[in-house]
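Structure record follows, encoded as C-alpha cells.
Quick note: the coordinates plus some simple rules give every number you see, no bench work behind them. The shown structure was predicted, so the numbers you read here are calculated from the model rather than taken from an experiment. In this analysis, Cβ positions are derived from the backbone assuming ideal geometry, glycine residues included, and neighbour counts consider all displayed protein chains.
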Amino acid sequence: MIRQQSSPTTCVISPLRRSPATATTKSSNPLRTHMRPCRTGREQMTDTTMQLLSQGTDPVKMPDFDILAEGKTLSGVAERLMSLSLTDNRGFEADQLTITLDDADGQLQLPPRGARLTVLIGWKGEPLTEKGTYIVDEIAHEGPPDRLTVSARSADFRDEFNVKREVSWHDVTVERVVSAIAHRYGLKPQISEMLMDIEIDHADQTEESDMSFLTRMAEMLGAITTVKSGNLLFIMPGGGVNAQGQPLPSFAITRSSGDRHQFRIADREAYTGVRAYWLDLNYGKKKKVSVKRRKPPKPKKEKSSSREGDYMEGAEGNVFVLRKTYQNEQAARRAAAAKWQQLQRGAASFSITLACGRAELYPEMHGTVTGFKSEIDNQDWIIAKAEHTIDNSGFTTQLELEAKISEWIAETE
C-alpha cells in the first residue's frame, strides 16, 4: 500500500551511521548538529519546523535499512556502511545491489561470492520495505582509505538461464510456450490475458537461451518478459496493470518532493501511428493496416499554435511505416500494435530525484506528477526504472518515467 509522503519540511536527514539506541534524545544525540532538512534546494525551512526545533520537538526522519544473510541480520554493517544502492529494472535486466563498507581498520573479511542477501530499506520508525534477494557476484577492495564494495544481482536471474538450446515451436500459443519454459526452471507463469491465446505457427530457437528467445518473442508482440519473486512474467508494459489485468498501486509526486528533474521529448520520436502492409492472396495485392491512438471526441476549438495533434503524440501525419510485408492481416495488425506501443514508451521521458526516498516505488507503477509544465502534469506516467540510494546524504530515490501507453485502434485501409 502506498504511504502518504511526509511534507518535505519535516523530512530531515542525518549522516548514515546510526547512534546507539540510548542516544536518541535531544541532549544525547551527537548527530543532531549535522542534520539538515530533506527539501529541495529552492525551499527554506518553514517557521513551523523552526518552532518545533526551538521547542525541543525533533522532526527528524532518518534512513533505515536491514541486510539479512540466510534470514539473519548481518551484524556490524550499520556502523560501517558508506553507501547502499539498489536499482530496480524492468525486463530481463537483473536488479542490482551495491554496498560499500568502511574498512579503514582492516577488520572486514571478504564475503564469499554466491552469498544470498535480502535487503529492506525505508525510514526509521516505519515498516521497512523488502526489496528482494540478491546473489553476491563481485567483490572489490580499494584504498586508502580502505573500503570494501560488494555487488550483487537479483537472485531471480540464474546462470542456467544462459544455457543455449535447440527448440522448434510449432502450432503453439504464447501461453503454452511461456508455461513450458517456466516449468523448466520451477517458476510460476504469469501472462497477460490479452497475450495468452496468440498463436505461433512456427518459431525456431537455434543456439539461443530461453530468456533470449522469450525476449525476442516479447519484442515481436510489444510485451516485456522478466523474472520476479519466482514468477516468469510475460506482460504488456506501460499499462499500469499486472498479469491478471488488475491495476498496480499508483503514485503521486509533487515538485516540492523532488530535488532535480528532466523532461525530454522529440518530434522524430513522437508518432501519430504505425502502418504495416500485408499480402492479400485472394486479390494478389498488398493492403495496409494502421494503428493509432484512440482519442475521445472533443468539441472543436481554436488551436493556440500551428502545430496539430496532442503534444505528447507528435506532429500530425508523423506515421511510422514498417518495411516488412506480412503474410496476413492479423500478423500485420499485431506487428503494428507492437511497434506502436514500443514507440509510445520512448516518445517522452521524465526523470526526477526524490529528496526523501520512497522505497515502495517500483517499475510498472503508474501515477502523476504536479508542479511542472502543464504538458507534463497532464500526462499519466509509468515507472521504467527506480534507483534507491542510502548514503551520508540520506535516502534518495531516482525515478525514470515514461508516458503511459494510451488506448489504440487498428484500421484496415
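Between Met220 and Arg264, what is the spin-label point distance in nm, taking each point 7 Å from the Cα along the Cα→C-beta axis?
Once both label points are built, they end up 3.1 nm from each other.
Size of segment 160-235 along its principal axes in angstrom, Cα-based, largest extent first?
The principal-axis extents, from largest down, are 27, 27, 19 Å.
Taking the number of other C-beta atoms within 10 Å as the exposure measure, put Val291, Val319, Val163 in order starting with the fewest.
Arranged by neighbour count, lowest to highest, Val291, Val319, Val163 become Val163, Val319, Val291.
Arrange the following residues from fewest to most other Cβ atoms within 10 Å of their Cβ: Leu117, Leu279.
Details: Leu117 20, Leu279 16.
Ascending Cβ contact count within 10 Å gives the list Leu279, Leu117.
So in segment 160-235, what percent of DSSP beta bridges are antiparallel if you round to the nearest 5?
If we restrict to bridges inside segment 160-235, about 75 percent are antiparallel.
How would His202, His183, His388 line up from fewest to most surrounding beta-carbon atoms within 10 angstrom?
Ordered from fewest to most neighbouring Cβ atoms within 10 Å, His202, His183, His388 come out as His202, His183, His388.
How much net charge surrounds Ala180 when only the other residues with a Cβ under 14 Å from the Cβ of Ala180 are counted, with Lys and Arg +1 and Asp and Glu -1?
Value of the local net charge: +1.
Post the alpha-carbon centroid distance, segment 167-220 to segment 85-161, in whole angstrom.
So the two Cα centres are separated by 31 Å.
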